[in-house]
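Derivation of every value follows stated rules applied to the coordinates shown; laboratory data play no part. Just so we're clear, the structure is a prediction, and the values are computed from it rather than from any experiment. For neighbour counting, all protein chains shown are included, and Cβ atoms are generated from backbone atoms with ideal geometry for every residue, glycine included.
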Amino acid sequence: MSETKKAGKTVEVMMGETTLTFQIGLTEYNDLINKMQPKNKVQPAHNFMVRCSANDETRAIVKQCYEDALTMDLFGEVLEGYKPNVEFAVKK
């Protein structure tokens, strides 16, 4: 697969000494949320990270993380880098 640039936010996650780079747009994020089901979270998270991988090295590591049962660990880091840190509270 060739390396292509997508619009959106660039998220970089360190895994050991390797930098994993993801290009995430709102369309990709919304598609992920729409595909997640109570009994199906890992596969949509994996597919999301493969689609958003900015290069072949990142894509290969994402696929290896799936084999090593690390998908959700990596996914948590990627989402933390994508979403802004905002606090919400219900006003009483």
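Here are the numbers for this structure:
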item	result
Amide H contacts under 5 Å for Met15, placed H, 5+ residues apart	Leu20
Residue of Asp56, Asp31, Asp68 that the Gaussian network model of the chain assigns the largest fluctuation, springs spanning Cα pairs under 10 Å	Asp68
All lysines inside 17 Å of Lys9 as judged from Cα atoms, apart from same-chain residues fewer than 8 positions distant	Lys83
GluC sites (Glu not before Pro) restricted to DSSP loop in the stretch 1-80 with at most 15 other C-beta within 10 Å	Glu3, Glu17
Size of charge dipole - the stretch 23-82 - debye, nearest 20, with Cβ of Lys, Arg +1 and Asp, Glu -1, no other charges	320 debye
Nonlocal amide H pairs with Gly25, under 5 Å, H built at 1.01 Å	Lys9
Square roots of 5 times each gyration tensor eigenvalue, C-alpha, the stretch 23-82, largest first, Å	16, 15, 10
